[in-house]
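Input: one structure, supplied below.
What follows draws every value from the coordinates through simple rules; no lab data is involved. All values reported here derive from a predicted model rather than from experimental measurement. As a convention, Cβ positions derive from the backbone with ideal geometry for all residues, glycine included, and neighbour counts pool all protein chains shown.
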Amino acid sequence: MRITSKGQVTIPADIREKAGLLPHTEVAFEYDGKFTRIVPVVSEQGNSRGDRIVARLRGRLRGGLTTDEIMAMTRGED
């Protein structure tokens, strides 16, 4: 594996999967004088795909329904 002239390298799919490095995951590089590590950045908001989806949708529901009313609708209750 080689680093490109732009400093890019492709992380093999099996390693990305094992490390949980999904597309658009923010990463940081740590160097301890001997080894370089790639680690996912964990923000206060959360960094998982689910966290990003929730953050994007947060505050978009309009209509004045309560959580209980929404849950009743999703369960098919009247």
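Using the Cα centre of the chain as the reference point, and only Cβ charges (+1 on K/R, -1 on D/E), how large is the resulting charge dipole? Debye, rounded to the nearest 20.
520
For a quick check: with amide H placed at 1.01 Å from N, whose amide H comes under 5 Å from V27's, ignoring anything fewer than 5 positions away on the same chain?
Here the answer is V41, since their amide H atoms fall under 5 Å of that of V27.
So, counting K/R as plus one and D/E as minus one, what does the shell of residues with Cβ under 14 Å around H24 add up to?
+2
Explain nothing, just the number: relative contact order of the chain, from Cα pairs under 8 Å at least 6 residues apart, as a whole percent.
After rounding, I find 14 percent.
Continuing with this model, one more query. Please give the contour-minus-distance gain from E77 to R58: 0.36 nm per residue of separation, less the Cα-Cα distance, rounded to one decimal in nm.
4.4 nm
Using a Förster distance of 25 angstrom, determine the FRET efficiency expected from the C-beta separation of T66 and V42, and round it to 0.05.
Efficiency for this residue pair is about 0.20.
Calculate the all-directions average of the projected area of segment 13-74's alpha-carbon convex hull, and give it in nm².
Taking the Cα atoms of segment 13-74, their convex hull projects to 6.7 nm² on average.
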